[in-house]
1. Can A:S173 be described as open to solvent by 20 Å² or more (accessible area, probe 1.4 Å), in contact (Cβ under 8 Å) with a residue 60 or more places away in the chain and small (G, A, S)?
2. Test each condition in (1) open to solvent by less than 80 Å² (accessible area, probe 1.4 Å); (2) within 11 Å of another protein chain (Cβ to nearest Cβ) for B:L23 and report the one that comes out false.
3. Taking into account only those residues within the stretch B:155-178 that are of a type in the set (G, A, S) and at pLDDT 90 or above, which is surrounded by the fewest Cβ atoms within 10 Å (Cβ to Cβ)?
4. Return the residue satisfying two criteria in turn: it lies in the stretch B:64-77 and is crowded, with 20+ Cβ neighbours inside 10 Å and over 18 Å from the mean Cα position of the chain (by Cα), and of such residues it is farthest from the other protein chains (Cβ to nearest Cβ).
5. If B:V89 satisfies every condition in (1) within 14 Å of another protein chain (Cβ to nearest Cβ); (2) assigned to a helix (DSSP H, G or I) but one, which is the exception?
6. Among the residues in the stretch A:79-100, are any within 12 Å of another protein chain (Cβ to nearest Cβ), hydroxyl-bearing (S, T, Y), more than 25 Å from A:I186 (Cβ to Cβ) and without any contact (Cβ under 8 Å) to a residue 12 or more places away in the chain?
7. So, restricting to strands (runs of 3 or more DSSP E) that lie completely within the stretch A:1-105, which ones have at least 1 residues that are touching a Ser or Thr at 6+ places or on another chain (Cβ under 9 Å) and open to solvent by 20 Å² or more (accessible area, probe 1.4 Å)?
Amino acid sequence: MVKLAVTGLHHRFGRHKVLQGIELTMHAGDCVVLFGDNGSGKSTLLTLLSTRFSLQKGQYTLDGLDSKNHGDEIRDKLVFVSHNSHLYGHLTPVENLLFFADLRQLTPSDDAIRKTIETVGLGRFADRPSRWFSAGMKKRLTLARVLIAKPSLLLLDEPYSALDAQGVNWLNSILTDFLKGGGMIIMASHDPQRVAALDHKPQFLKKGRLLPEGEVVTC
Amino acid sequence: MLKAAYRIAWKDMVGDLRRRSSLSSMLFFAIAVLVVFQAAFEPDRQAAVKLLPGLVWATVLFTSLMGLGRVFQAEEENGAFEGLLLASVPRGIIFLGKWLGNLFLTLLVQAMILPLTMILFNVDAWHVIHHIFGVLVLGILGLTGLGVLLAAMTQAARSRETLLALLLLPLVAPLLIAGVQATAGVMVADGQPWPWIKLLLIFDMVYLALAPWGFSWLVEE
């Protein structure tokens, strides 16, 4: 059964066409990795799928919900890990995750939040303001949201950046479990080697167009 | 959903109390204004009663502007504004949270400044201080409602604080006039504050009805 469908998606910034005629379908447990040069439209596609902006042209449905009429419900079913961590520096990891949970109307216990922070390897820093965290620590805390929210779609923009080798293995194991549980992942990456551990379908974007399967561009 | 609004407001209040950024600058600015006016006019009791409503509202306006200029400061860090907009709650709830946070901060400052003003200017209006504060609350409801919307509009601008002041001042001028008149009305025994209080209520209803809708439209585009 198709869980995610994108048809005829076009997007432009002013006169510049960023995405042209994107077609994409996904089923439970699918992982699509978007490869492409800088400016090929990977991040824009992820941002549009996150429903941050309204679609200019085309259609997007997730779990049968149309993005035009059900933006809030779709946002409830996905987590977008973008280049920005979306963290508040004055809040501790516990407070950041509580904040995130309340915005999604989730009710995890304090214990569950602390356990998640332990799982992502930040247990010692659970009550320290996240302002002083390294980029890798911020990335781990951002990914902790995935464990709290248990979404059906995960949008990841360069998730391996700022992670060391151990962090990459840790992330891949989390993503593998997520896929086994029936979740879907759409990821933008420049790094085929790090993604190799995941069972995924590569898709190449060139000048805003998704290339037919089998066509490859070097990035 | 209201829990989400509460959490946004809580986050802003905690952030401000931990960093003491807006609160301390608003307080120091208000105290500086009061001291300068006191030194400049040295009003007697009767003159002070006439001066106080205008002075209180001028302090409200300028301290609010300082707070509003920083209302989205926490969201600039780590792209947190994008994170807010990815929340699965209606945009109006996000506005409500940001507004409540700013409202609390502004009211906290005014609650500290109002008694200080009365002491500095030796105004004997302690028996109506709750009425004066009530009028301030009514005015601040609308002022911060419109202000948070305009702060969201101008947050990406380079000289946003100037732009915010330029947009806010003409739009809240009628509310300020109503606030000054209502305050003057409650301070004297034979005052007529009710027409002005009703006007304040109308401004509050209009601003607070339009602002969430305007915010939703603004962040969608």
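The values are calculated or read from the model by the stated rules, or taken from the named source; none is laboratory data. Given the structure is predicted, the values throughout are model-derived calculations rather than measurements. Here Cβ is always computed from backbone atoms with ideal geometry, including for glycine, and neighbour counts include all displayed protein chains. For the accessible areas, the whole protein counts, side chains as well, though only heavy atoms, and no ligand, DNA or RNA atoms are used. Shrake-Rupley method; radii C 1.70, N 1.55, O 1.52, S 1.80 Å.
1. Against the criterion (open to solvent by 20 Å² or more (accessible area, probe 1.4 Å), in contact (Cβ under 8 Å) with a residue 60 or more places away in the chain and small (G, A, S)), A:S173 does not qualify.
2. Exception for B:L23: condition (2).
3. Looking at the filtered set, the residue picked out is B:A173.
4. Among residues in the stretch B:64-77 that are crowded, with 20+ Cβ neighbours inside 10 Å and over 18 Å from the mean Cα position of the chain (by Cα), the one farthest from the other protein chains (Cβ to nearest Cβ) is B:E75.
5. Going through the list (1) within 14 Å of another protein chain (Cβ to nearest Cβ); (2) assigned to a helix (DSSP H, G or I), B:V89 breaks only (2).
6. no
7. Details: elements: A:2-13, A:16-27, A:31-36, A:57-62, A:78-81.
Passing ranges, in order: A:2-13, A:16-27, A:57-62.
Table: residues versus (1) within 13 Å of the chain's Cα centre (by Cα); (2) closer than 29 Å to A:D30 by Cβ; (3) of a type outside the set (A, V, I, L, M, F, W, C).
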| site | (1), (2), (3) |
| --- | --- |
| A:S82 | yes, yes, yes |
| A:L143 | yes, yes, no |
| A:I148 | no, yes, no |
| A:E158 | yes, yes, yes |
| A:D177 | no, yes, yes |
